[in-house]
Amino acid sequence: MEIKITKTQNPQQLTEESKLGFGKHFTDHMFLMDYEAGKGWHNARIVPFGYLSIHPASTVLHYGSEIFEGLKAYRTEKGNIQMFRPMENIKRMNNSAERMCLPQIDENDFLQALCEFVKLEERFVPYSFGTSLYLRPFMFGNDESLGVHTVKNATFMIIASPSGSYYAEGINPVKIMIEDEDVRAVKGGTGAVKCGGNYAASNRAGEKASKVGYSQVLWLDGVHRKYIEEVGAMNVMFKINGEIVTPMLTGSILPGITRKSCIEVLKNMGYKVSERLLSVDELIEALENGKLEEAWGTGTAAVVSPIGKLSYAGKEYVVNNGKIGEVTQKLYDTLTGIQWGKVEDTFGWIYKLN
Ligand code: PLP
Ligand code: COI
């Protein structure tokens with residue numbers, strides 16, 4: 001694939017790394033390519049970062065035809081740049097496209113676009129441990145018509161955001177509220193793919209939780225409101241009476257790449273990990289009996305994020321005295337160690353860019 005590059009005439013100054021936050025600053029350029037049925041993907045280009053001009057009837061604005069991914073470029077201590085399992089994001093994006101009737105992208109073209117774009121934006125990959133260049137590939141339907149149908153025109157883009165910690169708490173434990181009214185997804189719906197609509201529909205519960213001081217909600221299954229599914233922007237894991245439990249992929253949960261990697265790391269460390277149904281009753285009983293030893297979330301943006309408090313039906317429960325647990329800490333150290341190149345990658349997950 002040929003990518004036409006038009007460089008900016010106004011390179012920006014870098015933001016101080018301690019002030020980055022998450023997803024607030026963007027690099028100098030963006031990648032785009034267009035799709036038209038019968039013609040396929042064309043006009044791959046990197047241009048100065050800026051506003052888009054789209055038709056007011058564009059499909060995405062009315063019917064939410066949008067999918068996205070999230071991955072990171074990390075700077076190692078030696079100054080090199082690497083990505084973590086990018087092919088997993090590429091495959092998941094095509095899986096999301098299939099569910100949403102958006103066009104597939106050739107895996108090699110996708111990887112090439114990521115690599116060329118990150119290389120061009122190299123100076124934006126921050127140096128401090130825990131910071132990274134967050135990459136956001138996304139695709140939207142762009143037909144200029146109000147009919148509801150499979151789109152014939154689409155746009156694929158990649159933007160990048162030099163970022164620090166997703167939560168203001170950093171590695172300190174977050175407070176999570178179990179949501180028992182709204183639901184996020186049902187089997188057969190779109191919960192297992194990364195489409196924008198999933199997040200739009202989750203905002204009301206998130207807002208309710210935020211008003212009473214919680215960072216995010218923990219969703220229950222949409223049919224019984226009984227089984228634990230996942231948190232707003234991360235999968236979830238618990239250590240209950242020595243067993244590490246994470247909700248099984250039932251078709252309404254996002255198959256997280258961090259989740260999959262954590263399961264492999266934990267098994268490699270000798271822990272027993274069960275992917276199974278976990279009811280909220282079992283979880284609350286474990287909390288009340290002191291058998292819930294640790295709880296944490298896993299995600300690209302959130303990395304491994306300890307959960308210090310859980311609330312359900314108006315009652316607040318403290319996990320592990322509100323402190324990060326031993327397994328959570330070990331998992332965080334190993335995973336971030338691999339990602340930032342401090343720990344040897346025995347799994348073959350790192351994709352080096354230089
Ligand atoms: N679940 C949801 C709803 C998410 O938005 C994310 C973030 O991408 C995850 C789980 C974790 O997925 P991953 O580890 O692939 O980033
Ligand atoms: C990620 O972890 O990459 C995500 O996509 C979460 C996002 C919704 C902030």
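Lys and Arg at +1, Asp and Glu at -1: add these up for the other residues within a Cβ distance under 14 Å of E121 and post the number. Intermediate results must be reported in sequence, preceding the final value.
On the way: positive: K7, K72, R75, K119, R123, R136; negative: D28, E116, E122.
That sum, taken over residues with Cβ under 14 Å, equals +3.
Using a simple spin-label model with points 7 Å from Cα along the Cα→Cβ vector, what separation in nm is obtained for E264 and L277?
Result for the modelled spin labels: 2.9 nm.
Let's test this: bin the Cα-Cα distances of the range 174-339 at 10 Å from zero up to the farthest pair and state each bin's percent.
Over the range 174-339, the share of Cα pairs per 10 Å bin runs 10, 43, 37, 9, 0 percent.
In the structure displayed, which of K239/K309; K208/K309; K72/K175; K239/K323 lie more than 22 Å apart, Cα to Cα?
Over 22 Å Cα-Cα: K72/K175.
The chain: longest stretch without exposed GluC sites (Glu not before Pro) (DSSP loop, at most 13 other Cβ within 10 Å), sites themselves excluded?
Free of exposed loop sites, the longest segment is 182-343.
Restricting to the chain, compute how many DSSP beta bridges are antiparallel as a %, nearest 5.
Expressed as a percentage, antiparallel bridges in the chain total about 80.
Apply 1/(1 + (r/R0)^6) to the Cβ-Cβ distance of E36 and Y63, taking R0 = 25 Å, and write down the FRET efficiency to the nearest 0.05.
Rounded to the nearest 0.05, the efficiency is 0.85.
List the aspartates and glutamates whose Cα sits under 18 Å from the Cα of K119, skipping any in the same chain fewer than 8 residues away.
Within the straight-line cut-off, K119 pairs with E2, D28, E77, D109.
Computed on alpha carbon atoms, what radius of gyration and Dmax characterise the chain, expressed in Å?
Gyration radius and largest Cα-Cα distance of the chain: 20.5, 62 Å.
Can you give me the relative contact order of the chain as a percent, contacts being Cα pairs under 8 Å and 6 or more apart?
Contact order relative to length: 18 percent.
Report the label-to-label distance for E243 and N95 in nanometres (one decimal), using points 7 Å from each Cα along the Cα→Cβ vector.
Between E243 and N95, the simple spin-label model gives 2.5 nm.
With 10 Å bins from zero, work out the P(r) of the range 4-163 over every alpha carbon pair and list the percent per bin.
Reading the bins upward from 0: 10, 38, 34, 15, 3, 0.
Which chymotrypsin sites (Phe, Trp or Tyr not before Pro) in the range 2-59 pass both tests, a DSSP loop state and at most 14 other beta-carbon atoms within 10 Å?
Y51
What is the sum of charges around F22, taking Lys and Arg as +1, Asp and Glu as -1, for the other residues whose C-beta is under 14 Å from the C-beta of F22?
+2
For the pair H55/S210, report the inter-label distance in nm, with labels modelled 7 Å from Cα in the Cβ direction.
The answer from the label model is 3.4 nm.
Only the coordinates and a few stated rules stand behind these numbers; no lab work does. Here the structure is a predicted model, which is why all the values come from computation and not from measurement. Positions of Cβ are backbone-derived with ideal geometry, glycine not excepted, and every protein chain shown enters the neighbour counts.
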